[in-house]
Amino acid sequence: MEQRDEIMAAAYREYLNALHSGLIVRAKFCSACGVPSGELHGHHRDYSQPLVVEWLCAPCHGRAGAAVP
């Protein structure tokens, strides 16, 4: 596994643990388009801050992910 993949995986694990423990709470609306959604994704802009996520619906998350190099 490459170093970037390891960093991403560690951030994702920490995010999931915080989400399941209630340390962070999933938003009710997409922060990009404002659409209410039952299944928002936590998007990391910076994997060194695993608990700082932007809550995005699936279409917006796909677009945000495509913009990341």
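The values are calculated or read from the model by the stated rules, or taken from the named source; none is laboratory data. Fair warning: this is a prediction, and the values are worked out from it, not measured in the lab. Here Cβ is always computed from backbone atoms with ideal geometry, including for glycine, and neighbour counts include all displayed protein chains. Note: areas computed on protein heavy atoms with side chains; ligands, DNA, RNA excluded. Shrake-Rupley method; radii C 1.70, N 1.55, O 1.52, S 1.80 Å.
Selection over region 29-45 of residues that are more than 10 Å from the chain's Cα centre (by Cα) and not hydroxyl-bearing (Ser, Thr, Tyr) gives a count of 9. For residue 6, the conditions (1) touching a Lys or Arg at 6+ places or on another chain (Cβ under 7 Å); (2) open to solvent by 80 Å² or more (accessible area, probe 1.4 Å) are fulfilled apart from (1). The residue that is surrounded by the most Cβ atoms within 10 Å (Cβ to Cβ), among those in region 9-51 that are over 21 Å from residue 63 (Cβ atoms) and among the small types (Gly, Ala, Ser), is 18.
Close Cβ contacts (under 6 Å, 6 or more residues apart or on different chains) running from residues in region 1-25 that are over 14 Å from residue 43 (Cα atoms) and modelled with pLDDT under 95 to residues that are open to solvent by less than 90 Å² (accessible area, probe 1.4 Å) and in a loop (DSSP other than H, G, I, E, B) comprise 7/47.
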